[in-house]
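The values are calculated or read from the model by the stated rules, or taken from the named source; none is laboratory data. Predicted model, so just to flag it, every value in this text is computed and none were measured. Cβ: placed from backbone, ideal geometry, glycine included. Neighbour counts: every protein chain shown.
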Amino acid sequence: MALYARFHPKKNINSILAAQFLGHLLKAIRGPIVLLWDSGSQHKGPPIREFLRKHPRLYTFRFPGYTPELNPEEWVWKLVKGPLANSSPKDLCDLKGRIHRPLQRIRQSQKLLWSCIYASDLPWKR
């Protein structure tokens, strides 16, 4: 299991940027990739449909609308935001550093990654 993140400080994420991110995933990961997606607009639209059509090793599963309790990503962000509580980053670079450290900690720990999955309300089989 792996955690990949990419930030765009000056842009809202759209389906074109999401498709570009998927391209990076395909280069970084061999074999099938399972994507658990919410129903955000960046996960829909012609650029995404076309990209998924061209890359059959990407399997997507969508969460029902408005169900953050089912999304393991919410637990990842909870772990990331904890160290940010009561902080006051000086600038965007400082904020990026403060986010990067907890993300690296999660990324390097299979136990933490799995804990985010098992903490969600999805009916995971253990």
Next item on the list: Tally the residues that are among the hydroxyl-bearing types (Ser, Thr, Tyr) and surrounded by 12 or more Cβ atoms within 10 Å (Cβ to Cβ), restricting the search to the stretch 37-69.
Entry: 4
Checklist line | Exclusive hit being modelled with pLDDT of 95 or more and within 16 Å of the chain's Cα centre (by Cα), set LEU58, LEU113 | finding: LEU58
Next item on the list: Would you check which residues across the stretch 34-60 are of a type in the set (A, V, I, L, M) and either more than 19 Å from LEU122 (Cα to Cα) or in the same structural domain as SER120 (by TED's automatic domain parsing) (or both) and list them?
Entry: ILE48, LEU52, LEU58
Checklist line | Residues that are modelled with pLDDT under 85 and among the aromatic types (Phe, Trp, Tyr), drawn from the stretch 61-73 | finding: PHE63, TYR66
Next item on the list: Determine the pairs where a residue that is over 30 Å from LEU122 (Cβ atoms), located within the stretch 72-92, has a partner that is surrounded by 10 or more Cβ atoms within 10 Å (Cβ to Cβ) and not small (Gly, Ala, Ser) with Cβ atoms under 8 Å apart, the partner being 6 or more residues away or on another chain.
Entry: SER87/ARG98; PRO89/LEU95; PRO89/ARG98
Checklist line | Residue match in the stretch 11-18 (condition: touching a helix residue (DSSP H, G or I) at 6+ places or on another chain (Cβ under 8 Å), closer than 23 Å to LEU112 by Cβ and surrounded by 14 or more Cβ atoms within 10 Å (Cβ to Cβ)) | finding: no
Check: Within the set of pairs 6 or more residues apart or between chains, which connect a residue that is within 13 Å of ARG49 (Cα to Cα) and in a helix (DSSP H, G or I) inside the stretch 10-24 to a residue that is hydroxyl-bearing (Ser, Thr, Tyr) and modelled with pLDDT under 95 with Cβ atoms less than 8 Å apart?
Finding: SER15/SER41
